[in-house]
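Here's the structure we're looking at; comments come further down.
We did not get these values from a lab; they are worked out from the coordinates using the rules stated. Please read these numbers as outputs of a predicted model, since none were measured by experiment. Every residue, glycine among them, receives a Cβ derived from its backbone with ideal geometry; neighbour counts consider all protein chains shown.
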Amino acid sequence: MFSNSSKYAIKGVLYLAVNASETKKILAKDIAKPINVPASYIAKLLQELGRHGIVSSVKGPYGGFYLDEENLQTTLIKIVDIIDGEQRLRSCMLSLHECHDENPCPLHHLVGDAKNSLIKNLEETTISQLVANLAEGKSVLPL
């Protein structure tokens with residue numbers, strides 16, 4: 001359900017959340033190899049997230065990307081919506097414009113509840129919660 005761009009953006013943000021800070025900024029090219037994403041691609045994604053206040057950055061010789069406390073409170077749905085557009089997760093699985101509860105496509109009822117549950121979880125889960133899960137060993141992300 002996630003595009004590669006959204007997956008890469010989430011991995012990049014998590015890498016920053018775990019490894020960067022206001023005093024230890026990381027360049028996009030230094031993120032690329034650990035998360036297995038081309039440097040120019042992750043740079044573009046992080047710049048877009050920076051324009052929307054999801055990640056912080058500083059230009060110059062001591063510059064780079066990092067997350068501050070406000071960034072860490074960002075919900076995952078905001079990342080997906082910025083990268084993929086707000087309708088990607090909410091649209092019909094068959095891309096039918098007239099699909100809705102009263103006029104469902106063949107997959108509507110099959111995936112509707114699962115999709116709604118996923119969206120709700122993305123709306124309620126913050127970057128800091130994922131980082132806490134990593135720190136507590138409840139999840140893993142080989143970076």
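Side notes on the structure shown:
- Among the trypsin sites (Lys or Arg not before Pro) found in region 34-68, those both in a DSSP coil and sparsely packed, with 11 or fewer other Cβ atoms within 10 Å of their Cβ, are 59.
- Mean-square fluctuations from a GNM of the chain, with a 10 angstrom spring cutoff on Cα atoms, peak among 102, 70, 48 at 102.
- Measuring between alpha carbons in the structure, the pairs from 44/120; 25/120; 7/44; 7/59; 24/120 lying more than 23 angstrom apart are 44/120; 25/120; 7/59; 24/120.
- Globularity index of region 64-120, i.e. its alpha-carbon radius of gyration over 2.2 N^0.38 Å: 1.48
- Candidates 125, 105, 52 compared by Cα position along the dipole of the chain: farthest toward the positive end lies 52, with charges placed on Cβ.
- Taking the helices alone, the chain has a mean residue ellipticity at 222 nm of -16000 deg cm²/dmol, built from -39,500 (n - 2.57) per DSSP H run of at least 4 residues and averaged over all its residues.
- Alpha-carbon spread of the chain, three principal axes, descending order, Å: 56, 32, 26
- The charge dipole of the chain, taken about its Cα centre with unit charges on the Cβ atoms of Lys, Arg (+1), Asp and Glu (-1) only, comes to about 720 debye.
- Cβ-based net charge around residue 87, under 14 Å, with every Lys or Arg adding one and every Asp or Glu removing one: 0
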